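Have a look at the structure below, then the notes.
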Amino acid sequence: MADAVTASARAVVDLDVTGHRISRHIYGHFAEHLGRCIYDGFWVGEDSPIPNERGIRLDIVEALRALDIPNLRWPGGCFADTYHWRDGIGPREQRPHIANTNWGDVVENNHFGTHEFMDLCDLLGTDAYVNGNVGSGTVQEMADWVEYLTRDDDSPMARLRRQNGRDEPWKVPFWGLGNEAWGCGGNMSAAHYAEEARRYATFCHNHGANRLTRIAAGANEDNLEWTRVLMKTLMECHGCTLYGNLPYQAVSFHYYTHSGSGINTEDATGFDEKQFYETMAYAADMERVIRGHVAVMDSYDPHNRVSLVCDEWGTWWNAEEGTNPGFLFQQNTVRDALVAGLHFDIFHRYARRLTMANIAQTVNVLQAMVLTDGDALVLTPTYHVFEMNKGHQDAEQLAAHVLEAPSRVVGGTDLPLVSLSASVKDDRALLSLTHLSADADCTVNVDLRGRDARVLRARVLTGESTTSFNDAENTDRVAPVPLEASVRDGALALTLPPHAFATVELQLA
Ligand code: AHR
């Protein structure tokens with residue numbers, strides 16, 4: 001191990017050079033019928049001794065409300081392309097049971113369906129992102145679901161919804177046209193799926209005042225060819241050009257982080273320094289991937305009409321020992337928090353095109369916000385990054401650059417050990433700093449140009465080591481604490497401890 005000497009970094013933030021708005025939907029979430037995300041997670045049922053409202057677990061709702069979560073994607077994931085929404089409406093006891101063939105091959109009782117999901121969104125104060133079934137569904141089935149959810153008046157689906165106890169239509173802003181169509185969503189070619197996406201989207205109508213952003217199922221990681229075909233097929237659609245309406249308004253992609261040996265091959269907590277840095281390099285590579293998708297989209301859509309959405313991101317480790325491997329339950333360490341910090345800096349930089357991102361997944365699955373064990377609830381290190389960063393939601397980008405920082409060669413390339421992004425809203429700037437050194441402090445000097453500023457609050461999140469995590473016995477082992485930071489002569493000075501994520505809130509004059 002290298003000696004733990006203090007390093008230094010230099011950065012600049014132009015407080016008066018604003019850019020694009022950072023959509024709050026970049027802080028979106030994902031809840032799939034997978035393992036203990038929905039059942040024994042969000043949903044405990046009305047008869048549970050765990051405090052709940054209409055079956056939805058209240059301590060989870062309370063924890064997530066503190067994050068201002070902007071949208072929640074449901075019901076999958078791979079599950080979405082096996083899900084038939086009519087199985088999840090009507091009296092719960094009469095709903096059919098189905099096999100969840102993707103995740104643990106367990107039997108699903110459909111007690112959590114459309115009404116329960118929309119109720120959850122209401123409790124969370126979040127927008128719904130419903131992912132429809134292209135893989136094993138029909139166009140009519142999807143069109144009916146949109147009508148059921150969003151139509152007022154006396155249409156057949158609106159009437160059916162009323163029979164099931166909901167008078168008013170819901171607002172559903174986001175609609176997914178299948179998921180991972182290149183894989184679990186149907187093993188389709190890009191060309192075939194692109195045609196299907198266009199067809200399905202055509203029949204997902206805007207009922208009444210509801211406006212759908214229809215999202216085509218996109219590439220895996222840097223499969224730019226998939227994005228190219230989706231964009232070409234979209235832009236060359238004869239009828240769409242004629243009437244000026246694009247059938248889908250966004251294309252997605254998925255990016256899971258590991259240390260380079262593939263998803264599901266390493267432990268969440270048992271990793272060494274080499275794997276730590278490899279993970280950081282993999283997370284940082286998200287920038288190259290987004291840049292690639294954006295370049296393809298720019299070439300077909302120079303006026304930025306179509307958005308890029310990363311509707312699954314996060315770390316993917318081995319399931320914890322003693323748990324069902326199909327349930328993808330993993331611990332969450334400081335390493336995971338730093339992956340989130342790096343990703344958000346990148347998301348902020350591409351705010352022009354990237355308008356939504358959804359971490360996989362919110363509760364008890366993969367890189368979760370909260371882990372539950374019986375009635376205990378644990379906030380993960382990743383949760384704290386979302387909370388510390390929430391001021392970036394709907395704020396304007398600020399020009400922010402790291403000019404000098406320590407770096408480390410990982411896999412033949414230089415990995416800068418300090419990452420930074422900044423935004424401004426209502427005369428308050430928020431700076432986020434992610435420090436990747438496993439063992440050294442780093443003094444940081446940020447030249448604040450353009451406006452006078454004073455520190456309102458600075459916080460730092462770290463742990464004894466990169467492997468530190470929270471559990472029911474130690475809920476606050478990794479939690480934000482105040483950080484010393486001051487502005488003198490237009491420069492912000494602070495010292496970041498090793499493997500740390502920090503935020504600084506500034507009041508601008
Ligand atoms: O998030 C878990 C799974 O990962 C999703 O169901 C699928 O879309 C992806 O492969």
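The values are calculated or read from the model by the stated rules, or taken from the named source; none is laboratory data. These numbers come from a predicted model, not from an experiment. Heads up, the Cβs are rebuilt from the backbone with ideal geometry, glycines too, and the neighbour counts pull from every protein chain shown. With ligands, DNA and RNA removed, areas are computed over all heavy atoms of the protein, side chains included. Shrake-Rupley method; radii C 1.70, N 1.55, O 1.52, S 1.80 Å.
Couple of notes before you dig in:
- Whether the range 23-394 is rounded, prolate or oblate, judged on the alpha carbon gyration tensor where a/c under 1.5 counts as rounded: oblate
- What you get for the range 359-509, charging only the Cβ of Lys and Arg (+1) and of Asp and Glu (-1), is a dipole of about 400 debye around the Cα centre.
- Taking each DSSP H run with n ≥ 4 as -39500 (n - 2.57) and averaging over every residue of the chain yields -7000 deg cm²/dmol at 222 nm.
- Loop-located GluC sites (Glu not before Pro) in the range 228-300 (DSSP state other than H, G, I, E, B) with a sparse environment of at most 14 neighbouring Cβ atoms within 10 Å: Glu236.
- Relative contact order (%) - the range 250-329, alpha-carbon pairs under 8 angstrom, separation at least six: 50 percent
- Hz values of 3J(HN,Hα) by residue in the range 303-312 - Karplus curve (6.51, -1.76, 1.60), Gly and Pro given as x: 9, 6, 7, 10, 9, 9, 10, 9, 8, 8
- The range 415-476 and the range 255-305 have Cα centres spaced 21 Å apart.
- By the rule of a second cysteine Cβ within less than 4.7 angstrom, the chain holds isolated cysteines at Cys37, Cys121, Cys204, Cys310, Cys442.
- Once all protein chains are placed together, Asp127 keeps about 30 Å² accessible to a 1.4 angstrom probe.
- Amide H contacts of Ala7: Asp441, Cys442, Thr443, each under 5 Å away and 5 or more positions distant or on a separate chain (H built 1.01 Å from N in the peptide plane; Pro and chain starts excluded).
- 5 angstrom amide H check on Met356, placed H, neighbours 5+ away: Cys310
- Relative contact order, whole percent, for the range 365-509 stands at 27, derived from Cα pairs under 8 Å and 6 or more residues apart.
- Derived scalar couplings between HN and Hα for the range 345-354 equal 4, 5, 4, 4, 5, 9, 4, 4, 9, 7 Hz in order, rounded to whole Hz, by the Karplus curve 6.51 cos²θ - 1.76 cosθ + 1.60 (θ = phi - 60°), x for Gly and Pro.
- Mean separation of Cα pairs under 8 Å and 6 or more residues apart, divided by the residue count, gives the chain a relative contact order of 20 percent.
- Of the chymotrypsin sites (Phe, Trp or Tyr not before Pro) found in the range 217-264, no site is in coil according to DSSP while having at most 12 other Cβ atoms within 10 Å of its Cβ.
- Computed with every protein chain present, the accessible area of Ile263 is close to 70 Å² [probe 1.4 Å].
- A 1.4 Å probe, protein heavy atoms only, puts the accessible area of Met157 near 30 Å².
- Nearest-20 debye value, the range 23-394 charge dipole, Cβ charges on Lys, Arg, Asp, Glu: 1260 debye
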